[in-house]
Amino acid sequence: MKLATAVVHAGVRRDPSTGAVAVPIYQSATFQHPALGQSTGYDYSRTRNPTRSALEEAIARLEGGSRGLAFSSGMAAIHCALQLLGPDDHLVLTEDLYGGTYRLVENILQRRCTYVDTSRPEAVRAALRPNTKAVLVESPTNPVMRTADIPVLANLAHEAGALLVVDNTFLTPCLQRPLELGADLVVHSATKYLSGHNDVVAGALVAKDAALGERLAYFQNGIGAILGPQDSYLVIRGLKTLALRMERHQANAREVAGWLASHPLVERVFYPGVGGMLSFTVTDAALVPRVLASVRLCLFAESLGGVETLITYPATQTHADIPAARREELGITDRLLRLSVGIEDVHDIIADLSEALAGAHTLRELRHAPLAHGS
Ligand SMILES: *Cc1c(COP(=O)(O)O)cnc(C)c1O
């Protein structure tokens, strides 16, 4: 079955007793035992719930893994994966990492971490230590869109006895399948493209190997940050259109990236050529609040991966937990804006950005009249 078919059939035919096409929402905390010592496979919903199982099997299939697990958020999924590390284990991470992941490992779990540019395999190799247990990679990175060579990093990690974990939130299995490229574990914020409608917060893990999946399931049940049946249903519902949505997100993002690149108030565009996310720097930080105030179709909001185009200011939103000096080094400057390009008609998206930039420029000219000589 091709991926575009598999997504449509996620959760289908789960209820032989009624033949329901859509997956039922099993809103039950507990399940009756047939007899002493017997189980239907479902005993208590923290451990297993049929709606969540449908999602977990679907996402495992899409990522080509042996076990999927669904969590109450992407952070809960990452937290669970990090339980694979003991207190003395070392972790290598992408330096321009999602701010929440940075906060978790640095401020909450206080793990031994080295942050490197994972687009440079030699930097990853140099960071590996005898006690390195995992390499956690985002590709493309957020927000400056650096990409990693997953097969090369998988070899490096494995030679060092470490696991390669890939946060695949930005590309989804439609555009990148890390487990097939050698990674051991995939992490998702299913809040983003997998569900796709900005209406649910959810996370997922997919393990390539059954034993690793079993260990993570043990942690998931023990910690308890599971996804509820209603939200599991919403993610399955979103998955059905994932392939279609990703095609449109990507086509729109390519067009918006090309348009921005030729705009006189845009200094630089960060678009990796794949997916629906892009960032750009404007020529003057004073333009930022005006652009954010002027957009009408694009919504000024955190998050990404939904059908609506969102515009984000990483310096104060997604990456606020990263110290300012470090942010500058990583290119997350006060002139950087990030777009999660939605599935609207691309002409409307471009018209909105065009008006917002023109409006911001006019305001700037009014205020700095003597300085305004184009850009
Ligand atoms: C949003 C996000 C997360 C965190 O997921 P939540 O669902 O918000 O907890 C992790 N990684 C990446 C790349 C993200 O974009």
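The values are calculated or read from the model by the stated rules, or taken from the named source; none is laboratory data. None of these values were measured; they are calculated from a predicted model. Note that we place each Cβ from the backbone using ideal geometry, even for glycine, and neighbour counts take in every protein chain shown. The protein model used for the area step is the full one, side chains on, heavy atoms only, and it has no ligands, DNA or RNA in it. Shrake-Rupley method; radii C 1.70, N 1.55, O 1.52, S 1.80 Å.
Structure notes:
- Boolean, HIS361 is farther than 23 Å from ALA251 by Cα, of a type outside the set (Asp, Glu), assigned to a loop (DSSP other than H, G, I, E, B) and modelled with pLDDT under 95: no
- All conditions but one from (1) without any contact (Cβ under 8 Å) to a residue 40 or more places away in the chain; (2) assigned by TED's automatic domain parsing to the domain that holds ASP334; (3) part of a helix (DSSP H, G or I) apply to GLY273; the one that does not is (3).
- Among the conditions (1) under 23 Å from SER195 (Cα atoms); (2) of a type outside the set (Val, Ile, Thr); (3) surrounded by 16 or more Cβ atoms within 10 Å (Cβ to Cβ), GLU302 misses just one, which is (3).
- Filtered residues of region 212-253 (kept if open to solvent by 60 Å² or more (accessible area, probe 1.4 Å) and either within 11 Å of GLY196 (Cβ to Cβ) or not assigned by TED's automatic domain parsing to the domain that holds ALA76 (or both)): ARG237, LYS240, LEU244, GLU247, ARG248
- Scanning region 60-81 for residues that are out of contact with any Asp or Glu (no Cβ under 8 Å at 6 or more places or on another chain), away from the ligand (no atom under 14 Å from the Cβ), open to solvent by less than 30 Å² (accessible area, probe 1.4 Å) and not acidic (Asp, Glu) yields ALA60, LEU62, GLY65.
- Single match in GLN220, GLN250 (criterion: in contact (Cβ under 8 Å) with a residue 40 or more places away in the chain, closer than 24 Å to ALA162 by Cα, not charged (D, E, K, R) and not in a loop (DSSP other than H, G, I, E, B)): GLN220
- Check on ALA20, in contact with a strand residue (DSSP E or B) (Cβ under 9 Å, 6 or more places away or on another chain) and open to solvent by less than 60 Å² (accessible area, probe 1.4 Å): no
- Qualifying residue in region 257-266 (condition: touching a residue at least 12 places away in the same chain (Cβ under 8 Å), touching a Pro at 6+ places or on another chain (Cβ under 6 Å) and not in a helix (DSSP H, G or I)): no
- For region 283-307, the set of residues classified as touching a Gly at 6+ places or on another chain (Cβ under 7 Å) and either within 16 Å of the ligand (Cβ to nearest atom) or at positive phi (or both) consists of GLY305, GLY306, listed by residue number.
- Restricting region 316-334 to residues that are away from the ligand (no atom under 16 Å from the Cβ) and among the aliphatic types (A, V, I, L, M) leaves a set whose member that is farthest from ILE350 (Cα to Cα) is ALA325.
- In region 85-98, of all residues being open to solvent by less than 10 Å² (accessible area, probe 1.4 Å) and either in a loop (DSSP other than H, G, I, E, B) or of a type in the set (Lys, Arg) (or both), the one that is nearest to the ligand (Cβ to nearest atom) corresponds to LEU97.
- Of the residues making up region 311-345, those that are open to solvent by 10 Å² or more (accessible area, probe 1.4 Å) and in contact (Cβ under 8 Å) with a residue 60 or more places away in the chain are THR318, ALA320, ASP321, GLY331, ARG335, ILE343, GLU344.
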